[in-house]
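Down below is the structure, laid out as structure tokens.
The values are calculated or read from the model by the stated rules, or taken from the named source; none is laboratory data. Fair warning: this is a prediction, and the values are worked out from it, not measured in the lab. Quick reminder, even Gly has a Cβ in these numbers, built from the backbone with ideal geometry, and neighbours come from all protein chains shown. All accessible areas refer to the heavy atoms of the entire protein, side chains included, with ligands and DNA or RNA removed. Shrake-Rupley method; radii C 1.70, N 1.55, O 1.52, S 1.80 Å.
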Amino acid sequence: MPETMDCSLVVLGAGPGGYDAALEAAALGMDTVLVEREHLGGTCLNWGCIPTKLFLGASAPVSSLASHAKLKLIEYEPEAVRVSLPAMQNRKRKMLAGTHKAMALRLRKAGVTLLTGTGRFTAPGTVEVTDAEGNNTTTVHYNDAVVATGAGSASFPSIAPDGEAVLDPQQLLELESPPNSLVIVGGGAIGIEMGEVFARLGASITLIEAMDRLLPYEDPEIGEGLAKLLKRDKWTLRIGERVESLKTVDGRAVLTMESGETMEADKALVAVGRKPNSAGMGLEDVGCELDPRGFVKTDENLSAAEHVYAVGDVNGLSLLAHAATHQAHYVVRRLAGREQQPYRGGAIPACVYGSHEMMRAGLTEALALDAGGEKVEVSRFQLAANPYAQAQSAGYGFVKAIWLDDILVGVSALGHGVSHLVTLAEVLVREKISAERLGGYVFAHPTLDEALAEALRAPREHIR
């Protein structure tokens, strides 16, 4: 017989947004049900952020040794350094299993009811959860619902992953042996980070980006600077070029460019963006509206319909895990009567990891120009003059500060380890720091943080 239960809040999806929403709701006294069809942690934990960072961390000594060797500080033979992909996969599986257990225990202690299965709205106030086999269904009656089902890898019919030689990011991260050659379609964060991992594992990398630069939604100086660094690392970059087709032929990836040129590789990665996990959920049946790409439309309060909210990747506002968490906390506080104002996420900070990192907090130069105001200025500092960067044999890159009417509105950086600057930069931007207030802050020496301080104090270039 089908089971029926009532709750104050049902949360669909146990990625960063959904998981945090369930925990906070329970802490605030809400009777909470969390629905997850596969694994706790969503894409971030299982197939994205965390496995990628584990692989980058395990393989980081390869890049560090190469950097020091270029300055003749050490002697080593690259052929003598081998990173074990099977060992990394084993480490990943153990880490994920342990994390899943810890997350489930935390939910149980918090009093959250976890249902494993696929949730679907059948009427306002009702969600049906069906298990993977399709044999058992639980009907959940709710007062409010949070949709936090995230997003999956996007593709196009002519370059769709086939699981053989043409792979999506999840499939690439499951390989037990590295390819000798890898072609990557897409020059965003996923393509860059995956390329870093497999380059360290010995693969030759060819990356193709249809737009005019890498990381096309960041500051142009970031994408252009990163391209120079990757070329120095022997990557082949095809920027501003489009792919006509990509398929597996005789066990190898065969790619055809719009120009008619063809190339082959052992494996190919399709990393051309993300698509929301919103299909087949009955969202329209409870008054939600989807845009042409499938993202759930929300109002200024992240409401998608009466008593239904959407947070994280599925609403398309920002496809970052910490954005999902930030939105989730806002919605739960609003439901608890602790938040009355409209959601103001602002510019969500972003990072790309690897040997050559990128970070941004606040606005880019282009966004600052679009924001109005009378005066836009830029100040910069080169990492070559930072002692800590020099100590890592990584004195390339820069920190760039964006000022709007003498208020700090954005920071971007490129270089080794700059992801560690992102939270400090975000705080300074959120606090609307002026140059006059900087004197009240102490930046420890020697640290990479000093590069941020130097960028903020540097002479400014007037943009408008």
| Out of segment 181-218, which residues are buried (at least 24 other Cβ atoms within 10 Å of the Cβ) and modelled with pLDDT under 95? | none
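Can you tell me which residue among Thr447, Thr423 is assigned to a helix (DSSP H, G or I), open to solvent by 30 Å² or more (accessible area, probe 1.4 Å) and among the hydroxyl-bearing types (Ser, Thr, Tyr)?
After ruling out the rest, the residue left standing is Thr423.
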| remark: Subset of segment 451-464, residues open to solvent by 40 Å² or more (accessible area, probe 1.4 Å) and either in a strand (DSSP E or B) or within 14 Å of Val411 (Cβ to Cβ) (or both), comes to Glu454, Arg457, Arg460, Glu461, His462
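Looking only at segment 50-63, decide whether some residue is of a type in the set (A, V, I, L, M, F, W, C) and either assigned to a strand (DSSP E or B) or in contact with a Pro (Cβ under 9 Å, 6 or more places away or on another chain) (or both).
Scanning segment 50-63 turns up at least one residue that is of a type in the set (A, V, I, L, M, F, W, C) and either assigned to a strand (DSSP E or B) or in contact with a Pro (Cβ under 9 Å, 6 or more places away or on another chain) (or both).
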| field | Leu54 surrounded by fewer than 23 Cβ atoms within 10 Å (Cβ to Cβ) and hydrophobic (A, V, I, L, M, F, W, C) | value | yes
| How many residues are under 28 Å from the mean Cα position of the chain (by Cα), part of a loop (DSSP other than H, G, I, E, B) and either on the phi < 0 side of the Ramachandran plot or among the small types (Gly, Ala, Ser) (or both) when one looks only at segment 426-444? | 2
| request: Could you list, in sequence order, all residues of segment 205-234 that are touching a helix residue (DSSP H, G or I) at 6+ places or on another chain (Cβ under 7 Å) and more than 21 Å from Ile348 (Cβ to Cβ)? | output: Ile205, Leu207, Asp233
| Filter result (outside any strand (DSSP E or B), under 22 Å from the mean Cα position of the chain (by Cα) and at negative phi) within segment 229-278 | Leu229, Leu230, Ala271, Val272, Asn277, Ser278
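Could you please find all residues in segment 185-228 being assigned to a helix (DSSP H, G or I) and small (Gly, Ala, Ser)?
Residues satisfying the conditions are Ala189, Gly191, Gly195, Ala199, Gly223, Gly225, Ala227.
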| remark: Flagged in segment 241-262 as within 29 Å of His356 (Cβ to Cβ) and open to solvent by less than 50 Å² (accessible area, probe 1.4 Å), in numbering order, are Val243, Leu246, Ala253, Leu255, Met257
| field | Close pairs (7 angstrom Cβ cut-off, 6 or more residues apart or separate chains): crowded, with 17+ Cβ neighbours inside 10 Å in segment 326-337, hydroxyl-bearing (Ser, Thr, Tyr) and modelled with pLDDT of 95 or more anywhere | value | Gln327/Tyr343; Tyr330/Tyr343; Val331/Tyr309
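Quick grid of which residues meet (1) out of contact with any strand residue (DSSP E or B) (no Cβ under 7 Å at 6 or more places or on another chain); (2) charged (D, E, K, R):
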residue: Thr325; (1), (2): yes, no
residue: Val332; (1), (2): yes, no
residue: Gly337; (1), (2): yes, no
residue: Gln341; (1), (2): yes, no
residue: Arg344; (1), (2): yes, yes
residue: Leu383; (1), (2): no, no
residue: Ala391; (1), (2): yes, no
| field | When residues of segment 17-42 are limited to those that are surrounded by fewer than 24 Cβ atoms within 10 Å (Cβ to Cβ) and assigned to a helix (DSSP H, G or I), the one nearest to the chain's Cα centre (by Cα) | value | Asp20
| Since Ser412 meets every condition but one in (1) touching a Ser or Thr at 6+ places or on another chain (Cβ under 9 Å); (2) of a type in the set (S, T, N, Q); (3) assigned to a loop (DSSP other than H, G, I, E, B), which condition does it not meet? | (3)
| field | Residue in segment 266-277 that is closer than 30 Å to Val308 by Cβ, open to solvent by 80 Å² or more (accessible area, probe 1.4 Å) and among the basic types (Lys, Arg) present | value | yes
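Counting just the residues of segment 75-101 that are open to solvent by 100 Å² or more (accessible area, probe 1.4 Å) and part of a loop (DSSP other than H, G, I, E, B), which one comes out modelled with the lowest pLDDT? Give the derivation first.
Taking segment 75-101 as the starting set, the residues that turn out to be open to solvent by 100 Å² or more (accessible area, probe 1.4 Å) are 75, 77, 79, 82, 91, 93-94, 101.
Keeping just the survivors that are part of a loop (DSSP other than H, G, I, E, B) gives 75, 77, 82.
Working: Glu75: 88, Glu77: 83, Arg82: 87.
Here the residue is Glu77.
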| Among (1) open to solvent by less than 10 Å² (accessible area, probe 1.4 Å); (2) at pLDDT 95 or above; (3) within 28 Å of Ala323 (Cα to Cα); (4) of a type outside the set (Phe, Trp, Tyr), the one test that Ile433 misses | (2)
| query | What tally of residues in segment 140-156 results from selecting those that are more than 25 Å from the chain's Cα centre (by Cα), crowded, with 23+ Cβ neighbours inside 10 Å and among the polar types (S, T, N, Q)? | reply | 0
| Matching residues, segment 108-122, being open to solvent by less than 60 Å² (accessible area, probe 1.4 Å) and more than 13 Å from Val10 (Cβ to Cβ) | Ala110, Gly111
| message | Taking the criterion of being of a type outside the set (A, V, I, L, M) and without any contact (Cβ under 8 Å) to a residue 12 or more places away in the chain, would at least one residue in segment 107-129 satisfy it? | response | yes
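Is one or more of the residues making up segment 389-402 over 30 Å from Lys70 (Cβ atoms) and without any contact (Cβ under 8 Å) to a residue 60 or more places away in the chain?
Kept after step one, since they are over 30 Å from Lys70 (Cβ atoms), are these residues of segment 389-402: 402.
Filter once more, keeping what is without any contact (Cβ under 8 Å) to a residue 60 or more places away in the chain: 402.
The answer is yes, given that some residue of segment 389-402 is over 30 Å from Lys70 (Cβ atoms) and without any contact (Cβ under 8 Å) to a residue 60 or more places away in the chain.
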